[in-house]
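Quick notes on the structure that follows.
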Amino acid sequence: MKKMLLSLHKAVLTFAAWGWPILLVDLAIGAYDRPERWANALNTAAFFWVLSAPVWPITLVIDRRRREDAMSKLCGLREGDERERAVTGDAARSTLLLSLALQTVLLVLTVTSVKLVWNPELKGEHKGLLSVAMGFSTTQHLDPFGTQRDEKDSAPKGVSAGGYLISPACFPLLALLILIQLAAFRAYAGRRYEGAGA
């Protein structure tokens, strides 16, 4: 039974690694709209690829040997001795901090809005107004579907343009990514310390 499951797992990984052109062809020719039998088969294969694609990241999280092989191929790092492990640890810390900083900046941009109003009918030198504001709305920032809502505009007559720098619908995803990265780093680091103390 275990051999059969391992063979199935290997087949799914192989399909996920080499089957992505099926999805591209399916999207390019619009097979999901065609009634032909070959188009239906192609669309079904693309759907199975979408289902099998998450197996790779899950396997990398669970299987340490595959994770180290992937790091070796992607980054050229091998953890053969203590020095190489220290270099890898420093690189992992720096990469984590860089990604957290970038995601935090993007998270701030989801609550930052810019508005420009230009009204040539106004008297005086100032005919326009540029406003930058930060605001959090549970109806916009916690809506995972990004539903657009009409807002009343109290700006003066003229040309008006603006909005959030990044869609508020990205807020939950970015916050979740930050929390997952912090939790995963703490979990892996805690497990390494427990192993070192044994």
*Among Y164, Y188, which comes first, then next, by fewest other beta-carbon atoms within 10 Å?*
Y188, Y164
_Using Cβ counts within 10 Å as a stand-in for footprinting exposure, how do S99, S7 rank, fewest first?_
S7, S99
*Within a Cβ distance under 14 Å of A17, other residues only, what is the Lys/Arg minus Asp/Glu net charge?*
+2
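Suppose R0 equals 45 Å; then what is the FRET efficiency for E84 and T138 from their Cβ-Cβ distance, rounded to the nearest 0.05? Spell out each step's value before the answer.
Values: r = 47 Å, r/R0 = 1.05.
It comes to 0.40.
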*Cα→Cβ-extended label distance, 7 Å offset, between R93 and L6, nm*: 3.8 nm
*Residue order, fewest to most beta carbons within 10 Å, for M1, M71*: M1, M71
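All of the numbers you see were taken from the coordinates with simple rules; none came from a lab. Quick caveat: nothing in here was measured; it's all calculated off a predicted structure. Every residue, glycine as well, gets a Cβ built from its backbone with ideal geometry; the counts of neighbours run over all protein chains shown.
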